[in-house]
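Each remark here refers to the structure printed beneath this line.
The values are calculated or read from the model by the stated rules, or taken from the named source; none is laboratory data. These numbers were taken from a predicted model, which means no experiment stands behind them. For neighbour counting, all protein chains shown are included, and Cβ atoms are generated from backbone atoms with ideal geometry for every residue, glycine included. Surface accessibility is based on the protein's heavy atoms, side chains included, excluding ligands, DNA and RNA. Shrake-Rupley method; radii C 1.70, N 1.55, O 1.52, S 1.80 Å.
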Amino acid sequence: MTIPPVPYAIAPDSAATVSAEEQQFNDLIAADSRIEPRDWMPDGYRKTLIRQISQHAHSEIIGMQPEGNWITRAPSLKRKAILLAKVQDEAGHGLYLYSAAQTLGISRDLMTDQLIAGKARYSSIFNYPSPTWADMGAIGWLVDGAAICNQVPLCRASYGPYGRAMVRICKEESFHQRQGFEILLELMKGTPAQREMAQESVNRWYWPALQMFGPPDDDSPNSAQSMAWNIKRFSNDDLRQRFVGMLVPQAEVLGVTLPDPDLRWNEEKGAYDMGEIDWTEFHEVLAGRGPANARRLQRRRDAHDEGQWVREAAAAYAAKQGVKAVA
Amino acid sequence: MSDTIEQDGHGHVDVDTVQLSAELVEAASVASHDVAEYALWLGDDSLVLAQNLGWWISRAPELEEDIALGNIALDLIGHARSLLHYAGAESGRTEDDLAYWRDEPQWRSAHLFEQPNGDFAHTIARQFIAAHYLFELYSALMQSTDATLAAIAAKAVKEVDYHRDHSIQWVLRLAQGTEESRRRMITGLSDLWPFVEELFVDEPLIDRLEGVAVRPSSLQASVLSAMFPVLAEAELEVPRGFISSGGGRRGDHSENLGPLLAEMQVLARAHPGAKW
């Protein structure tokens with residue numbers, strides 16, 4: 001019988017054998033303080049964070065594509081500049097998040113390899129296509145809006161580097177949401193064709209945006225542990241409810257209809273009732289059967305493969321410079 | 001490979017700063033017909049180059065380069081907007097009227113800026129030449145007797161100085177990195193070099209804009225003498241061979257401009273009169 005290798009430190013099972021360092025970790029969590037990279041942490045905590053932060057980083061990187069699709073065709077120079085700045089911000093967010101994940105002991109190369117091999121997940125929302133200009137508005141308003149609801153509580157996540165990265169990201173995300181809202185507002189003030197374009201796009205993005213909060217609470221296997229570790233602060237359903245509450249008055253200002261006939265204010269609950277979400281579609285897209293999964297990964301893989309010679313050149317040049325500096 | 005642009009303040013743009021700078025809008029007198037034509041030369045060069053560079057976002061060899069090329073494109077769009085805004089005032093046209101509603105023969109870009117992205121080495125070769133030219137151009141244009149052009153140049157020169165540095169670093173890395181990167185850099189440079197000469201051709205317009213415009217031929221020595229030491233350090237020879245006959249300033253363009261404009265203008269032209 002062989003003994004399996006022990007990764008990092010394994011948390012003991014019972015309270016009776018709690019080590020000093022684990023006690024310290026538990027105390028920090030109980031006091032709602034921050035865990036830093038050099039602190040001891042349970043293996044599960046580390047793995048959960050690596051999974052969550054790298055998925056988040058991948059989402060930023062893949063998320064560049066549906067909007068990058070319109071940079072060359074943006075209908076005014078001002079919109080072109082804003083869109084370019086926004087997509088570039090997303091690359092920056094990807095970078096901060098990969099750096100945060102690296103503090104947990106995983107390399108950026110490995111994360112990239114996992115992504116392009118199709119082994120890592122990213123937010124399913126980016127597997128939907130962006131066929132019209134109005135999608136630049138709906139993505140900003142609905143997708144970035146949902147992301148903000150998810151991400152603001154993460155600024156208080158117990159892992160320090162993640163929480164701090166999220167503070168910076170959230171500031172920029174609120175600009176992203178605002179510019180999306182502005183695009184839709186301008187379209188809704190425009191010609192009948194522009195108004196139709198805006199409504200059609202909202203119809204397509206509304207339900208996938210609600211799915212971004214994840215499955216209902218009773219079907220979300222990792223949630224309870226993440227909440228106990230102060231990584232997650234609110235449940236999926238709570239955040240979704242909060243998001244819909246934000247959207248309704250904004251939709252009224254825009255003059256768009258949210259495509260849910262069952263959406264109505266519930267006086268007793270003090271919140272909106274909403275229609276059933278089609279979780280079959282969610283699971284289909286998650287399983288790789290969405291409209292653009294293959295295309296998104298192919299683009300990332302092509303960019304990576306076609307850039308290989310450039311990265312090799314930079315590394316070779318840096319090595320030669322290093323030799324010169326030493327000599 | 002660490003072009004960490006976000007550290008030097010390039011990385012953040014919000015909705016307000018992508019408006020045209022207030023001082024440019026307010027200070028702008030109405031350009032005469034000739035000055036407007038000259039502003040089109042400069043504005044079209046920047047916009048066409050930005051349009052080409054925008055393609056790289058999400059396709060660059062490294063995330064840092066997605067950000068760097070995006071920043072450069074963003075700076076160039078900013079220059080183009082100021083210049084087209086100024087150029088259009090004379091005829092009552094907006095920057096978008098000029099960007100989206102002119103056909104190919106009405107564009108004034110030089111062929112260099114129209115050249116396709118090619119591989120990363122081609123893009124870098126194009127950037128290397130363009131940024132050196134733009135840096136010398138805007139340095140000289142700061143002395144223009146036209147206050148608006150001088151103000152635009154003073155802002156732009158700082159940004160193209162960074163673009164120049166970015167391209168130099170990459171020329172050195174690619175030329176002295178691996179065998180493959182060196183081969184590609186040599187090809188890229190020799191494919192783009194034929195378009196250098198057009199940048200220094202004086203057109204009759206320039207004779208009418210003494211003190212306002214920068215005479216293109218006057219830039220040749222400074223642009224080349226800035227590029228040659230970099231090529232020497234990279235152990236790259238100055239390419240010899242074809243020289244493009246050019247003609248962009250007169251509306252004679254390379255075959256690349258048509259498709260580039262078709263893509264850029266398609267949505268705007270599908271909705272005449274619409275605001276965005």
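A few comments on the model shown:
- Screening B:Leu47 with (1) in contact (Cβ under 8 Å) with a residue 40 or more places away in the chain; (2) facing another protein chain (nearest Cβ under 8 Å); (3) open to solvent by 10 Å² or more (accessible area, probe 1.4 Å); (4) under 30 Å from A:Gln298 (Cα atoms) gives one miss only, at (3).
- Counted residues, the stretch A:187-224 - those being modelled with pLDDT of 85 or more, over 24 Å from A:Val285 (Cβ atoms) and either in a helix (DSSP H, G or I) or in contact with a His (Cβ under 7 Å, 6 or more places away or on another chain) (or both): 8
- Unmet criterion (only one of (1) of a type outside the set (Gly, Ala, Ser); (2) within 14 Å of chain B (Cβ to nearest Cβ); (3) under 30 Å from A:Gln194 (Cα atoms)) for A:Gln321: (3)
- Candidate set: the stretch A:270-303, residues that are open to solvent by 40 Å² or more (accessible area, probe 1.4 Å) and at the interface with chain B (Cβ under 9 Å from one of its Cβ atoms); chosen: the one farthest from A:Leu247 (Cα to Cα): A:Asp302
- Output for the stretch A:274-294, where each listed residue is in contact (Cβ under 8 Å) with a residue 24 or more places away in the chain and not small (Gly, Ala, Ser): A:Met274, A:Ile277, A:Asp278, A:Trp279, A:Glu281, A:Phe282, A:Val285, A:Leu286, A:Pro291, A:Asn293
- So B:Ser181, is it polar (S, T, N, Q), surrounded by 21 or more Cβ atoms within 10 Å (Cβ to Cβ), at negative phi and within 13 Å of chain A (Cβ to nearest Cβ): yes
- Only residues that are in contact with a His (Cβ under 8 Å, 6 or more places away or on another chain) and under 20 Å from B:Ala150 (Cα atoms) were counted in the stretch B:176-224, giving 1.
- Of all residues in the stretch B:238-247, one or more are surrounded by 17 or more Cβ atoms within 10 Å (Cβ to Cβ), touching a Leu at 6+ places or on another chain (Cβ under 9 Å) and farther than 27 Å from B:Ala39 by Cβ.
- Answer from A:Leu110, A:Leu104 - the residue that is part of a loop (DSSP other than H, G, I, E, B), aliphatic (A, V, I, L, M), farther than 20 Å from A:Glu284 by Cβ and more than 14 Å from chain B (Cβ to nearest Cβ): A:Leu104
- Those residues of the stretch B:85-107 which are part of a helix (DSSP H, G or I) and more than 15 Å from A:Ala74 (Cβ to Cβ), in sequence order: B:His85, B:Tyr86, B:Ala87, B:Gly88, B:Ala89, B:Asp97, B:Leu98, B:Glu104, B:Pro105, B:Gln106
- None of B:Leu174, B:Leu231 is away from chain A (no Cβ under 14 Å), more than 17 Å from the chain's Cα centre (by Cα), open to solvent by less than 10 Å² (accessible area, probe 1.4 Å) and over 26 Å from B:Asp252 (Cβ atoms) except B:Leu231.
- Count of residues meeting criterion [buried (at least 22 other Cβ atoms within 10 Å of the Cβ), more than 11 Å from chain B (Cβ to nearest Cβ) and more than 22 Å from the chain's Cα centre (by Cα)] in the stretch A:185-205: 1
- When residues of the stretch B:257-269 are limited to those that are crowded, with 16+ Cβ neighbours inside 10 Å and in contact (Cβ under 8 Å) with a residue 12 or more places away in the chain, the one nearest to B:Asp45 (Cα to Cα): B:Leu257
- Check on B:Ser82, among the polar types (S, T, N, Q), part of a helix (DSSP H, G or I) and in contact with a helix residue (DSSP H, G or I) (Cβ under 8 Å, 6 or more places away or on another chain): yes
- Test: B:Arg59 is open to solvent by 10 Å² or more (accessible area, probe 1.4 Å), among the basic types (Lys, Arg), out of contact with any Phe, Trp or Tyr (no Cβ under 7 Å at 6 or more places or on another chain) and on the phi < 0 side of the Ramachandran plot: yes
- The stretch A:59-82: number of residues that are more than 8 Å from chain B (Cβ to nearest Cβ) and surrounded by 24 or more Cβ atoms within 10 Å (Cβ to Cβ): 4
- Take the conditions (1) under 24 Å from A:Pro42 (Cα atoms); (2) within 18 Å of the chain's Cα centre (by Cα); (3) surrounded by fewer than 20 Cβ atoms within 10 Å (Cβ to Cβ); A:Gly105 misses just one of them, which is (2).
- The stretch B:139-161 - residue that is under 30 Å from B:Pro61 (Cα atoms) and crowded, with 24+ Cβ neighbours inside 10 Å and, of those, nearest to the other protein chains (Cβ to nearest Cβ): B:Ala156
One line per residue, one yes/no per condition, for (1) at pLDDT 95 or above; (2) within 11 Å of the chain's Cα centre (by Cα):
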| position | (1), (2) |
| --- | --- |
| B:Asn52 | yes, yes |
| B:His79 | yes, yes |
| B:Ser91 | no, no |
| B:Gln106 | yes, no |
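- Residue within the stretch A:125-147 that is open to solvent by 10 Å² or more (accessible area, probe 1.4 Å), of a type in the set (A, V, I, L, M), touching a helix residue (DSSP H, G or I) at 6+ places or on another chain (Cβ under 9 Å) and farther than 26 Å from A:Ala294 by Cα present: no
- With respect to the stated conditions, A:Glu182 fails to be on the phi < 0 side of the Ramachandran plot, within 14 Å of chain B (Cβ to nearest Cβ) and either in contact with a Lys or Arg (Cβ under 8 Å, 6 or more places away or on another chain) or open to solvent by less than 10 Å² (accessible area, probe 1.4 Å) (or both).
- A single member of B:Trp55, B:Trp41 is hydrophobic (A, V, I, L, M, F, W, C) and within 9 Å of chain A (Cβ to nearest Cβ), and it is B:Trp55.
- The criterion of at least 2 residues that are farther than 30 Å from A:Pro131 by Cα is met, among helices (runs of 4 or more DSSP H) falling completely within the stretch B:159-276, by B:179-192, B:204-207, B:220-233.
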